[in-house]
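A.B. asks: One structure follows; several queries about it will come next.
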Amino acid sequence: MHRRLKYVVSVVVLLFLTPVILYAQFDQEMLGNRYIRVADMGESADTLNVWGDVGSSGRYIVPKETTLPELISYSLGYAQVRGRSSRNKWAKTQIEVKVSRYKENLNEVDVSLFKYKFSEPEPVDMFQFDLQNNDIVSLEVRRKPTFRDYVGVIAPVVSVVATSVLLIENLR
């Protein structure tokens, strides 16, 4: 009986710790690659932070006078909007673009927020917004969950429970 318990504990530890270790290693490898240079060497440039639901978040070195839509394009666009799904599914999707700017002399953060639905044109203010060095641009795509989203959450849980039950039954 004692040997079986050791076996079960070993299998459980292996099943749960291996993905955590692999993820941590992958995450460490990716940390050094997040400076993305768009501006040519010697060109006057700003360094901007892009976070959130984009294809490639990171710290971007872009030419001065870069517009907000251009910056979003450099970061490969909205992550959840890209793909094969039809445009109708995204009609009610809301996109939020937040630009945070730290004002050192006032010791405060100035925030500009742009909200629009995916089916609508981008706000004119986004094209006219003046990005500055060290701005933080955060993007969020909000949509109602679909059946596929629910299945994506429930299926792994059911799978783990079923596998655990089968494992315990086979060890008896």
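A.B. asks: Select from the stretch 137-161 the residues that are closer than 30 Å to THR47 by Cβ and among the aliphatic types (A, V, I, L, M) and write down the one among them that is modelled with the lowest pLDDT.
C.D. replies: Of everything passing the filter in the stretch 137-161, VAL141 is modelled with the lowest pLDDT.
A.B. asks: Then there is this: Testing ARG101 on (1) within 13 Å of VAL50 (Cα to Cα); (2) at pLDDT below 85, one condition comes back false. Which one is that?
C.D. replies: ARG101 satisfies every listed condition except (2).
A.B. asks: Further question on the same structure: If we keep just the residues of the stretch 111-125 that are part of a strand (DSSP E or B) and exposed (fewer than 12 other Cβ atoms within 10 Å of the Cβ), which is nearest to the chain's Cα centre (by Cα)?
C.D. replies: Checked the stretch 111-125; the qualifying residue nearest to the chain's Cα centre (by Cα) is LEU113.
A.B. asks: Moving on to the next point. Which residues, counting only those in the stretch 126-153, are assigned to a helix (DSSP H, G or I) and charged (D, E, K, R)?
C.D. replies: Passing the criteria: ARG148, ASP149.
A.B. asks: Give me the residue from the stretch 43-57 that is assigned to a loop (DSSP other than H, G, I, E, B) and among the acidic types (Asp, Glu) and, out of that set, surrounded by the fewest Cβ atoms within 10 Å (Cβ to Cβ).
C.D. replies: Filtering first and then ranking leaves GLU43.
The values are calculated or read from the model by the stated rules, or taken from the named source; none is laboratory data. Just so it is clear, the model here is predicted, and its values are computed rather than measured. Positions of Cβ are backbone-derived with ideal geometry, glycine not excepted, and every protein chain shown enters the neighbour counts.
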